[in-house]
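Student: Mind looking over this structure? Questions follow.
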Amino acid sequence: MWYHLAGVRGSNFIQLYVNERLESQSSVNFPMDYGTTPLFFGSSGQSYWDHKFAGLLDEASLYRCALSADEIAVIYAVGAVGKCREAAVTVQPQSQTALAGSSVIFAAQASGPVRGYQWLHNGTHALAPRLPRKKRRDICPAVL
């Protein structure tokens, strides 16, 4: 049996979610800086008290910001599909010929976790990076 666990550390609170439901929360007033102390999953890292986790971990992630309840629900909802999927272009833009200085519109479709795109021409950036038209708050990027 698998459980989805999410721990959130905000500026002045901590929260624990189990299978997308908020199970516990508390106010905190200690700093988030843990210095050079290593991070352990499934172990305390201390030899005098090391009751190691007797199970499996899958898709462990750290984020650069505190996730909202909605963002945790999205991650939980993908279930066995997993959140670590690759983006793929499903419809390529059509080639076009235009006079110098005129406007051209390209369209493409993609699937997967598309955060933005960058047009390339002969391997170099052709335009400024663009975000998808669909306006949404992306889940902040994972650092692990």
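None of the figures in this text is laboratory data; all of them are computed from the coordinates on show. This is a predicted model, so every value here is computed, not measured. Positions of Cβ are backbone-derived with ideal geometry, glycine not excepted, and every protein chain shown enters the neighbour counts.
Student: Can you work out which of the residues in the stretch 4-27 that are among the small types (Gly, Ala, Ser) and not in a strand (DSSP E or B) is nearest to the chain's Cα centre (by Cα)? Write out each step before concluding.
Tutor: Taking the stretch 4-27 first, the residues among the small types (Gly, Ala, Ser) are 6-7, 10-11, 24, 26-27.
From what is left, the residues that are not in a strand (DSSP E or B) are 10-11.
Working: GLY10: 17, SER11: 20 Å.
Filtering the stretch 4-27 for residues that are among the small types (Gly, Ala, Ser) and not in a strand (DSSP E or B), the one nearest to the chain's Cα centre (by Cα) comes out as GLY10.
Student: How many residues does the stretch 19-49 hold that are surrounded by 10 or more Cβ atoms within 10 Å (Cβ to Cβ) and either more than 22 Å from LEU67 (Cα to Cα) or in contact with a Gly (Cβ under 7 Å, 6 or more places away or on another chain) (or both)?
Tutor: Of the residues in that region, 3 qualify.
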